[in-house]
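A.B. asks: Quick one: the structure is below, questions incoming.
The values are calculated or read from the model by the stated rules, or taken from the named source; none is laboratory data. These numbers come from a predicted model, not from an experiment. Positions of Cβ are backbone-derived with ideal geometry, glycine not excepted, and every protein chain shown enters the neighbour counts. What goes into the accessible areas is simple: the full protein's heavy atoms, side chains included, and nothing from ligands, DNA or RNA. Shrake-Rupley method; radii C 1.70, N 1.55, O 1.52, S 1.80 Å.
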Amino acid sequence: MAVGRQRSAEYKNMKKTSKCKICRRLGTKLFLKGDRCFTTKCPMIRRPYPPGMKTRMNKGLSQYGREFKEKQKLKKWYGLREVQFKNYVKDILSKRSSVKSKDSPTLLIQKLESRFDNVIFKMGLVSSRAFSRQLISHGHFLINGKKVNIPSYHLKIGDKITVSEKSLKKNVFKSVLSSLDKKTPPSWILIDPKKAEGTIKSFPSLEEVAPPVEISLIFEFYSR
C-alpha cells in the first residue's frame, strides 16, 4: 500500500511539472495549475526559460514556427487535444465565405469559451479547466435541470448551470461555495453564489477574453 501511495504521489508531481513545462516551453503563462500560477511558486517566475536551458533563446522563429507556437498556446490554454482544436478552427475556416475575416477570431473564441468545461471554470467553481472536465465527467453538474457529463458540450444563451444537490454536500464544493460571492465572474455569465447557479447571458467578446495569442496566425497554420 505504501508503495502504491508513493507511486501515486510521484505521478501527481510529474503531472504538475509537465504542465509547468508547457508554459515555460511556449514562453507564456497559461494558468494551467489554477491558483498556484498566481503565487511565487510558479516556475514561470522562478525559471522563465525553456526546460533544459539556463536562459531564454533570442533566436527568431520562422513563419511556420510562429504559427505553430500560437496554435500550441491556445490549444494548451483550453486543454484540448489536437483533433478537437483542429476541428474548431476548420469549422470556422469552412464558413469564411459567409463570415467576415475579421470576425473569425471572435467566433473561434466564443466557440471555445462556450464549452461546458470552460464555463464551469469561468464560474469560479473549479481551479482549472482540467479539474472541471473531471468533475463534469463524474456527473456533478446540471444544465437546465438535466445531468450532462460531456465536457465539450456547447452552452447556449439562456442555459442555466447548477451543481447537483447531492454534489453540493461534498467537501470539494463546500470550500468553493463559501467564497464564490467574493469572486468576479465574467460579464457574460450571471452568477447566483448562494445557489451556485450560473446563466449564460451572452457570448463574450474577443477583448474580454483576451487570449494570450495572435489568432490570425492560427488560421494561417491550418490554412496550409
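A.B. asks: Give me the one-decimal nm value for the distance between modelled label points at Lys174 and Lys95, 7 Å along each residue's Cα-to-Cβ direction.
C.D. replies: Here the modelled spin labels are 4.4 nm apart.
A.B. asks: Let me ask something else about it. Provide Thr106, Thr184 ordered by accessible surface of protein heavy atoms (probe 1.4 Å), highest first.
C.D. replies: Sorted descending by solvent-accessible area, the residues read Thr184, Thr106.
A.B. asks: Give me the one-decimal nm value for the distance between modelled label points at Glu165 and Ser152, 7 Å along each residue's Cα-to-Cβ direction.
C.D. replies: Modelled inter-label distance: 3.3 nm.
A.B. asks: Using the beta-carbon distance between Ser137 and Leu190 and R0 = 22 Å, what value does 1/(1 + (r/R0)^6) give for FRET efficiency, to the nearest 0.05?
C.D. replies: Efficiency, rounded to the nearest 0.05: 0.30.
A.B. asks: Given a Förster radius of 30 Å and the C-beta distance between Ser202 and Lys182 as r, what FRET efficiency does 1/(1 + (r/R0)^6) yield to the nearest 0.05? Show your work: numbers first, answer last.
C.D. replies: Working: r = 24 Å, r/R0 = 0.79.
According to the calculation, E is roughly 0.80.
A.B. asks: Along the stretch 187-201, what does the Karplus equation 6.51 cos²θ - 1.76 cosθ + 1.60 (θ = phi - 60°) give for ³J(HN,Hα), rounded to whole Hz, x for Gly and Pro?
C.D. replies: These are the phi-based 3J(HN,Hα) values: 5, 8, 10, 8, 10, 10, x, 5, 9, 6, 10, x, 10, 6, 8 Hz.
A.B. asks: Another question, then. Just reorder Arg224, Arg129 by solvent-accessible area, largest first, 1.4 Å probe, all chains present.
C.D. replies: Sorted by accessible area, descending: Arg224, Arg129.
A.B. asks: Here's a follow-up. Can you give the extra length, in nm with one decimal, that the chain gains between Ser216 and Ser62 once fully stretched, where that is 0.36 nm per residue apart less the Cα-Cα distance?
C.D. replies: Extra length from Ser216 to Ser62 when fully extended: 53.9 nm.
A.B. asks: Suppose all protein chains stay in the model; what accessible area per residue would a 1.4 Å probe give for the stretch 109-224, in Å²?
C.D. replies: Details: 5800 Å² over 116 residues.
Spelled out: the 1.4 Å probe surface of the stretch 109-224, per residue, equals 50 Å².
A.B. asks: Where does each of His138, His154 land when they are ordered by accessible area, with a 1.4 Å probe and the largest first?
C.D. replies: His138, His154
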